[in-house]
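Below: one structure, written as structure tokens.
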């Protein structure tokens, strides 16, 4: 609309600098949070069994995706701050939406595969536990039966 009247809107340099500093500070704060989250996952992993290890791997993958997505958002914010005009900003926004949608599709597919793998592993463990329990029950029943049979000697 401003361009239709011949006026061109420009963001003042001070405002651009302030916005850029704000993005940098937010990125640093997020990096600190991510470092703490990764340290918490490392601590958790030290005391996990196989199933918890699978959950830890899924958590790490989720944190990695969050880091990638937030980093892309910060990069996008910096590009927007540097946009020369509204047309460039809209182009950047459309590009960002397209790339993030594709990234999220890939991430959801991979998380689905992880969930299926964890479910298969849990099912296999449950089946093995049930088989072991059935064998132990048969053995106990056989021993109990032998204890009540008269001595064949």
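Filtering segment 3-61 to residues that are modelled with pLDDT under 75, within 20 Å of residue 76 (Cα to Cα) and in contact with a helix residue (DSSP H, G or I) (Cβ under 9 Å, 6 or more places away or on another chain) leaves 30, 31, 34.
Within segment 48-82, being in contact (Cβ under 8 Å) with a residue 60 or more places away in the chain and more than 14 Å from the chain's Cα centre (by Cα) holds for 50, 51, 81, 82.
The values are calculated or read from the model by the stated rules, or taken from the named source; none is laboratory data. Since the model is a prediction, treat every value here as computed from it, not as a measurement. Please note: Cβ atoms are built from the backbone with ideal geometry, for glycine as well, and neighbour counts cover all protein chains shown.
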